[in-house]
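These notes concern the structure reproduced below.
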Amino acid sequence: MHFRSRHFGWFLGGCGLLWAGLAEGGVINQVGTYANWPAWPASWTVLSGLNDAHDSGVAEQIDFVGDTANPCGYTADNGSYLFFRMRVDQGTVGGTTFSDSHIIILDVVGQKFNTTTNKLEAGDDQYPDYGFAWDSKSTIVASHGLEMMKRNIVGTYWNGTDMADLDDDAGKKLSMDINGSGRTTDGYVRTDDLQNTTNFSTTTFVDFAVSWNYLNTYTDLRRGQAWRIAFGSIANSTDHNNLTGDIAGGVNPTGLLSSGWVEFQTAPEPSSLLLAAAGALSLLRRRPQMRRRG
């Protein structure tokens, strides 16, 4: 069964990029430095269905956790950037010790990814299409860091599934990858430690920001689409290996078609909102006015 949530928001954003290990309190800029992340908690929307209890035997930094009081997954959107936030069990200030892979897995509802053409086409197979991966196993940001992923091998179970780089180069960032070809504002990752919870002690947020301009140029992901979202992790490994760490939502290693997904409606194009507002204003102006009787 699929978990469903259809929420979105708009928030303030910014720009600027550096590879940094400097912390501001519990915040560590892992890939770049973004000036205006959405305000917490008011500007984030919960992705219901990704909550997860502790997974015994899974390393804290890749163990997704969350409940009703302190959810596991969130999203935000400011019109220029799309944001995701995942909660993992690691709670101390140790973000520089990450050496794993965290992946936001996307399935566009009503479409499927063609691995020959690298394009979406009609058909809803409910398998992964794209992904945003933070590869912290390698600290060479010029080749790794935040990467754009696509479907590669899809197994019956989550731990038999892996993703490939969109640019088909596992060792470099070519033009199709996030922050490829010297660009500096396609995407960002940060961690935020010491997040207190009711039932999980202190936890860490892993935050992603990806530019809509990048997505519109290099992928078939668009505003206004319905997506299925899943969180996956890989222990002490790059983002090209099977999803053997953890899957949010209490899933491991249950089948892809039966669990792990939460449905999410991306925000419409800003132009659509302006047109809707203009239409409403036009209707108000056309309403007949009552005449005064003198």
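The values are calculated or read from the model by the stated rules, or taken from the named source; none is laboratory data. Computed from a predicted structure; not experimentally measured. Heads up, the Cβs are rebuilt from the backbone with ideal geometry, glycines too, and the neighbour counts pull from every protein chain shown. We work out accessible area using only protein heavy atoms, side chains counted, and drop any ligands, DNA or RNA first. Shrake-Rupley method; radii C 1.70, N 1.55, O 1.52, S 1.80 Å.
The table that follows gives values for the structure above.
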| item | result |
| --- | --- |
| Residue list for the stretch 96-124, filter: small (Gly, Ala, Ser) and closer than 24 Å to Thr45 by Cβ | Gly110 |
| Conditions (1) under 27 Å from Glu121 (Cα atoms); (2) touching a Leu at 6+ places or on another chain (Cβ under 9 Å); number of the one not met by Ile234 | (1) |
| The stretch 184-220, subset touching a residue at least 24 places away in the same chain (Cβ under 8 Å), assigned to a helix (DSSP H, G or I) and among the hydroxyl-bearing types (Ser, Thr, Tyr), residue farthest from Trp40 (Cα to Cα) | Tyr218 |
| Residue match in the stretch 228-246 (condition: farther than 21 Å from His144 by Cβ and open to solvent by 50 Å² or more (accessible area, probe 1.4 Å)) | no |
| Some residue of the stretch 136-150 being farther than 23 Å from Pro38 by Cα, crowded, with 16+ Cβ neighbours inside 10 Å and at pLDDT 95 or above | yes |
| Some residue of the stretch 21-39 being modelled with pLDDT under 95, surrounded by fewer than 23 Cβ atoms within 10 Å (Cβ to Cβ), touching a strand residue (DSSP E or B) at 6+ places or on another chain (Cβ under 9 Å) and aromatic (Phe, Trp, Tyr) | no |
| Selected residue [polar (S, T, N, Q) and either in contact with a helix residue (DSSP H, G or I) (Cβ under 8 Å, 6 or more places away or on another chain) or crowded, with 17+ Cβ neighbours inside 10 Å (or both)] from Asn213, Asn196, Asn179 | Asn179 |
| So Ser175, is it modelled with pLDDT of 90 or more and polar (S, T, N, Q) | yes |
| Only one of Gly171, Gly160, Gly155, Gly224 that is without any contact (Cβ under 8 Å) to a residue 40 or more places away in the chain and surrounded by fewer than 16 Cβ atoms within 10 Å (Cβ to Cβ) | Gly171 |
| Hits in the stretch 151-183 - residues which are closer than 22 Å to Asp125 by Cβ, assigned to a loop (DSSP other than H, G, I, E, B) and aliphatic (A, V, I, L, M) | Val154, Leu166 |
| Output for the stretch 98-119, where each listed residue is closer than 19 Å to Arg222 by Cα, without any contact (Cβ under 8 Å) to a residue 24 or more places away in the chain and β-branched (Val, Ile, Thr) | Thr117 |
| Strands (runs of 3 or more DSSP E) wholly inside the stretch 25-109 containing at least 2 residues that are closer than 14 Å to Phe205 by Cβ and within 16 Å of the chain's Cα centre (by Cα) | 73-77, 81-88, 101-108 |
| Members of the stretch 154-211 that are closer than 24 Å to Trp37 by Cβ, touching a strand residue (DSSP E or B) at 6+ places or on another chain (Cβ under 7 Å) and polar (S, T, N, Q) | Asn179, Thr185, Thr191, Gln195, Asn196, Thr197, Thr202, Thr203, Thr204, Ser211 |
| The stretch 250-271, subset among the hydrophobic types (A, V, I, L, M, F, W, C) and either modelled with pLDDT of 85 or more or outside any loop (DSSP other than H, G, I, E, B) (or both), residue nearest to Trp212 (Cα to Cα) | Ala267 |
| Filter result for the condition that a residue is open to solvent by less than 30 Å² (accessible area, probe 1.4 Å) and at pLDDT below 95, over Phe98, Phe84 | Phe98 |
